[in-house]
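Trainee: Quick one: structure below, then a few questions.
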Amino acid sequence: MTDVKLREARKADVEALVALVERLKRLNEEFDPLFRVRGDARERTRRYLENGVERPDKFILVAEDAGMIIGMLKAEIRERIFYEPASEGAIIEFYLMPEHRHGGLGRKMIEEATKRLKERGIQLITAEFPSMNKISASFYERLGYRAILSIYGKAL
């Protein structure tokens, strides 16, 4: 992990990021059939990531090793209409290639995202992932996060 650099994503990174997000969404599909990946997901993902690179209320952090992007974290700032604090930083996408896990890089990426969100005045950070993903739940709990919201779904 010593050569891994963390930096904000650039437009030139979008294609590599699309591949990582697709892997993440296919993994989510394994956890629950309600996460079935759409046929047009690649193009939608491209636009979604381009938007994340361009907007000031969002950022994408990439982990790069020897010029190759091996991980990404997408965060955005959201208004909390009913609660204090009035804004939250939400980690909405986080994926690290399997061969780069368990060495502290995921923790380092969360710490960097936390630092960047704190610099923007954020006092609460949330993370979103499928409820059935116990690996993610355990990871975030080790970092001091706790469950605060449940979303239930039913296919019709």
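Trainee: For segment 28-60, enumerate the residues that are part of a helix (DSSP H, G or I) and in contact (Cβ under 8 Å) with a residue 60 or more places away in the chain.
Mentor: Once the filter is applied, which keeps residues that are part of a helix (DSSP H, G or I) and in contact (Cβ under 8 Å) with a residue 60 or more places away in the chain, segment 28-60 yields ASN28, PHE31, PRO33, LEU34, PHE35.
Trainee: When you look at LEU117, is it assigned to a helix (DSSP H, G or I) and either crowded, with 20+ Cβ neighbours inside 10 Å or modelled with pLDDT under 95 (or both), yes or no?
Mentor: yes
Trainee: Then there's this: Show the residue pairs meeting these rules: Cβ distance below 6 Å; 6+ apart or different chains; first residue within segment 7-24 and under 24 Å from THR114 (Cβ atoms); second residue aromatic (Phe, Trp, Tyr) and in a strand (DSSP E or B).
Mentor: Short answer, once both residue conditions are applied: GLU8/PHE59; LEU20/TYR95; LEU24/TYR95.
Trainee: Still on this structure, please answer the following. Within segment 76-106, can you find the residues that are aliphatic (A, V, I, L, M), more than 19 Å from ARG23 (Cβ to Cβ) and in a strand (DSSP E or B)?
Mentor: Once the filter is applied, which keeps residues that are aliphatic (A, V, I, L, M), more than 19 Å from ARG23 (Cβ to Cβ) and in a strand (DSSP E or B), segment 76-106 yields ILE77, ALA90.
Trainee: What is the number of the single condition among (1) closer than 18 Å to LEU73 by Cα; (2) surrounded by 16 or more Cβ atoms within 10 Å (Cβ to Cβ) that PHE31 does not meet?
Mentor: (1)
Trainee: Suppose the filter is at pLDDT 95 or above and either under 15 Å from the mean Cα position of the chain (by Cα) or loosely packed, with under 13 Cβ neighbours inside 10 Å (or both); does ARG80 pass it?
Mentor: Against the criterion (at pLDDT 95 or above and either under 15 Å from the mean Cα position of the chain (by Cα) or loosely packed, with under 13 Cβ neighbours inside 10 Å (or both)), ARG80 qualifies.
Trainee: Another one. Identify the single condition in (1) farther than 21 Å from LYS25 by Cβ; (2) in contact with a strand residue (DSSP E or B) (Cβ under 7 Å, 6 or more places away or on another chain); (3) surrounded by 13 or more Cβ atoms within 10 Å (Cβ to Cβ) that MET97 does not satisfy, given that it satisfies every other one.
Mentor: Answer for MET97: the failing condition is (1).
The values are calculated or read from the model by the stated rules, or taken from the named source; none is laboratory data. All of these numbers come straight from a predicted model, not from anything done at the bench. As a convention, Cβ positions derive from the backbone with ideal geometry for all residues, glycine included, and neighbour counts pool all protein chains shown.
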